[in-house]
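Shown next, in structure tokens, is the structure this report addresses.
The values are calculated or read from the model by the stated rules, or taken from the named source; none is laboratory data. As the structure is a prediction and not an experimental result, all values here were calculated from the model. Reconstructed Cβ throughout: ideal geometry from the backbone, glycine too, with neighbour counts over all protein chains shown. Ligands, DNA and RNA are stripped out before the accessible areas are found, and what is left, the full protein with its side chains, is counted by its heavy atoms. Shrake-Rupley method; radii C 1.70, N 1.55, O 1.52, S 1.80 Å.
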Amino acid sequence: MFSSVLTPARGTKPSRRRTRRRLAAVCCAALLGLAHTGCSRPFWRKQADMDVYQAEMERFTDPRWSLPRLNVTPDPESRFFDPHDPDCAPLPPDDPAAHQYMHWVDGWQGYKGWHKFGDTLRVENPQWLLRYGISPEMIDPQNGRYLAGPPKIEQVKVQDAVNLAQIHSRDYQFNIEDLYLAALNVTFERFQFGVRYLGIGGREPGADIVSDARPGRIGRATADSRFGVSQLLPAGGQLAVELANNTVWLFSGGNQTNSASVLSYSLVQPLLINAGRKVVLENLTQSERDLLYETRDLARYRQILFTDVVGGPGGGGGYLGLLQLAQSILNEEGNLDRIRRQVDLLEASTGDRPANIASRIDLETLPADFAIPENFKGRLSYDPDRKLLTWLGPMSEEDEIQLKAISKDPAYQDAILTIIVPLRAEASTLDVVQLKSSYTGSLQRLRNLQRQYQDALDNYKVQLGLPPDIDFSIDQTSLSQFELIEQRLRELELIVTDFVPQSWAQLEVPPDGQALPPGQEHVPTVEQLKKVIDEYERVVRMVSAEGIQIVRQDIERLRGEVPAILESLLAEENRDRLTNDFDRDQRIFDLTSAQLQQRQDEIVLWRKELEDPDLSKEARDAMRLEILDRHEKLLRDTRNLAGTLVGVRAEMIRVRPYAVSLEDSVAAGVENRLDLMNSRALVMDARRFVEVVANRLRSQADIVVEGDIGTSGGNRPFDFRRDRSSYRFGMRFTAPLDQISERNTYRAALIAYERAKRNYMLAEDTVKQQIRRDWRQMQVLRENLETSKQAIRLGATQYDLAVDEALRPKAPGQTSTRGTGLQGNNLLGALNAILNGQNSLIQNWVDYERNRLNIYRDMGIMDLGEDGVWNDPFYRDPRIFNNEPEPGLVVPTLDPVGASALDDTVSVGDWLDGRRGDGLRGDDAAGLERERRQPLELAD
């Protein structure tokens, strides 16, 4: 930093001119060299990162706020990662209208080198979509559209969603940057107490080189340079040492050079204002504490981020909200399907029209293209002798469409319209209209739910930091536990439901399909009975083999989980309800299994009876009625299995129990909430600030020690001499008379301290309030979940009874209620009960899990792994999204009395082994009907 001593050689005038030019060139080179002595951008950036990360790691003194990520640079897969050199990044895309001012502003030409580092067409990372199969070349640079279709992120699980949020979440990146900035401030405050390259008065090292050439005067060049160091001491003292040099070149005579140096030192020690470690170390103390606060804030934000990703911000949305909407859509679709089925059944049985009444119309000749479809055989026929077209039984909308499509012949179309109009008119009863009206309302709700789901998906994508125009879907396998009826059991019920009217059709018409004269009824032949019995046996065996196995597996599974479920239930009435309902499920299942076995035994008896060659017409007609009656009972058996499965699976919908008392929960929150720790520390910050500003009210009294040591002169810049030194000692004093500003600051600090105490009390009260609210909500939601299970059972029972009532033939002398709207109202009430129960079940399950997230977050004890996922068995279990029993949920088992009581339960196989072959007695059948219809026990 010091200029060299230059001694130009003696010579002629041209020689001196050359010397001046050389000196001028040296001066210019020296100035240019000094202008570029600063370190490069990468050097300062890397040095700042090294100091910051070191300061941040020093804060990891407690596992509660140890952080897995410190790097302020986003993940390379993030949307906002910049792959370019951060110190020489290309220009981002700009607004065209605003960009012109960078090149011309107020008539002045702007900087020409703006684009020397290049330009980029996009703000976001062009490589972030590579993992999804989208390269930058597949995106239109002009409008950002995907040329090969949008990227797809499908079947996202909770862990995947959390990972996406940590990579792409803007708020998470902001919090990491806030921590970095706080640590950056710490590095500066620490630097304040280090040895700094500042001289006396805070001057930075530097040099001035001036060449003075005037006509008629002696030319000369002057170089002034200085270099100093200083240090701030913890007690407020300021020590500084500085070396200054002055060199003069005279370009006359002998080209004389004179160089002199001065070594100066200074020590200033405040005694009153700005004195003492209390005041001097305050900025460093506060910055160190602020870094700790930011570290805790980031640790807490990680808990908030996980809670928001899973449960949604503000208690709505999130992954669980999407699951709830998806299940609501499934529930509404199931409701639509049930309404459609009931409309079809009601239309088939509306009024008092028996299923075997035929509708006939004269038709002179059949069209040439007329052919009876396979599914119409036995219902549609033509008598060429009597010229009659006959339709047997009711007609659905599908039947009507297919019947019209058989032929386009005008005469045929007129004939079938004559048949269709009265049949369809008879079906338009109040019951059917009510159900159809409900169907339209359900259809509108379904469309709205589907729209809400897509809106929620877009919101979730933005929450995770993803663009809303990508294809995104979540894994819905966790909803399998809410599939209360196995798909195969639904199919079996539909097979049995469709088989009943088909049996009627086969037994009510002659084998050749010819229509009978009015008033004459057909008695089925032996061959017809055998055919129907064969089909009936196939369906019975199917229900017995598959339906029984499905329900038995779930019953056995629930039997193994009952002890743990009972232990997790808080209310005694819920434990009693579960025990009673499970016993009832087992009894219904056992009785239904026995009835299905009886159906097979009856088939054997029917076949033996049909082997009699002299079987009378009356016996065949009685068998027909008996077979049709057993068909109806088979349908009821299938519904019994479905109803039992609904109750059993509803009981297996489980949540992790929360058994911490209210007092312990609040105590844990007060002890572990990181933001509450920061609020407590802010009170101390305010108190310390009072002391700092109070110091400014004092007088200024400083002890000053200064001195200089000079050189001998001439051209000896380092020849320091004692006789050219000086020493000064004294004191500076300023009276505290003009202190209004300081007075006001001090009084404001006292008020701020009182506010800080109140804010801390409010923060502590708020933490307690949040935890108390969460705790109470946990208890309510746990009970509501059990009530929802009960509502599901009641809804299923209500639906079965309403369907039976709607389809049951009236007894002799009984007034029919069909067409009055009563049956429609009963069915609508049952359908709404099922739908409301299903929606309530998923709502309470989601709300409980959300609240469980909230209470652990609010207590500050949500332990997160490095991947940002909660170290909770529910979220760490790889089977979380399968309907598998949750390991680790079995808390203390039942007492010996309760356990032995369950062990004594007779298995389904043992019960059947003791009954098989004996048939089902009448009192057993009546018992099943009573079990099926008895009201479920209501919990208080």
Quiz prompt | Residue match in the stretch 44-66 (condition: more than 22 Å from residue 176 (Cα to Cα), over 32 Å from the mean Cα position of the chain (by Cα) and in a loop (DSSP other than H, G, I, E, B)) | solution = no
Quiz item: Given the residues 297, 344, which is the only one that is in a helix (DSSP H, G or I), at pLDDT 85 or above and either touching a strand residue (DSSP E or B) at 6+ places or on another chain (Cβ under 8 Å) or not basic (Lys, Arg) (or both)?
Solution: 297
Quiz prompt | Positions within the stretch 209-238 being open to solvent by less than 80 Å² (accessible area, probe 1.4 Å) and not small (Gly, Ala, Ser), in sequence order | solution = 209, 212, 222, 224, 226, 227, 229, 231, 232, 233, 234, 238
Quiz item: Any idea which of 584, 607, 630, 636 is in a helix (DSSP H, G or I) and either closer than 11 Å to residue 540 by Cβ or of a type in the set (Val, Ile, Thr) (or both)?
Solution: 630
Quiz item: In this structure, is residue 250 open to solvent by 30 Å² or more (accessible area, probe 1.4 Å) and modelled with pLDDT under 90?
Solution: yes
Exercise. Please work out which one of (1) assigned to a strand (DSSP E or B); (2) under 30 Å from residue 736 (Cβ atoms); (3) modelled with pLDDT under 90 is the condition residue 223 fails and give its number.
Key: (2)
Exercise. Give the number of residues within the stretch 745-764 that are among the polar types (S, T, N, Q) and closer than 13 Å to residue 684 by Cα.
Key: 1
Practice problem: Quickly run through the stretch 360-388 and pick out the residues that are touching a helix residue (DSSP H, G or I) at 6+ places or on another chain (Cβ under 8 Å), of a type in the set (Val, Ile, Thr) and assigned to a loop (DSSP other than H, G, I, E, B). | Solution: 365
Quiz prompt | Residues located in the stretch 630-657, provided they are more than 13 Å from residue 561 (Cα to Cα), in contact (Cβ under 8 Å) with a residue 60 or more places away in the chain and charged (D, E, K, R) | solution = 630, 632, 636, 637, 639, 656
Quiz item: Applying the selection to the stretch 67-91, what residues are within 13 Å of residue 117 (Cα to Cα), out of contact with any strand residue (DSSP E or B) (no Cβ under 8 Å at 6 or more places or on another chain) and open to solvent by less than 80 Å² (accessible area, probe 1.4 Å)?
Solution: 84, 85, 87, 88, 89
Quiz item: Within the stretch 137-160, restricting attention to residues that are touching a Lys or Arg at 6+ places or on another chain (Cβ under 8 Å) and open to solvent by less than 60 Å² (accessible area, probe 1.4 Å), which residue is modelled with the lowest pLDDT?
Solution: 144
Quiz item: Pick from 423, 417: which is open to solvent by less than 70 Å² (accessible area, probe 1.4 Å), modelled with pLDDT under 80 and not basic (Lys, Arg)?
Solution: 423
Quiz item: Condition test on residue 258, is it crowded, with 18+ Cβ neighbours inside 10 Å, polar (S, T, N, Q) and either touching a Leu at 6+ places or on another chain (Cβ under 9 Å) or at pLDDT 90 or above (or both)?
Solution: no
Exercise. Please find, among 160, 178, 171, the residue that is in a helix (DSSP H, G or I) and either within 15 Å of the chain's Cα centre (by Cα) or at positive phi (or both).
Key: 160
Practice problem: Could you grab me the full set of residues in the stretch 479-501 that are β-branched (Val, Ile, Thr) and assigned to a loop (DSSP other than H, G, I, E, B)? | Solution: 485
Quiz item: Does residue 698 fit the bill of being open to solvent by 30 Å² or more (accessible area, probe 1.4 Å), assigned to a helix (DSSP H, G or I), touching a residue at least 60 places away in the same chain (Cβ under 8 Å) and farther than 30 Å from residue 772 by Cα?
Solution: no
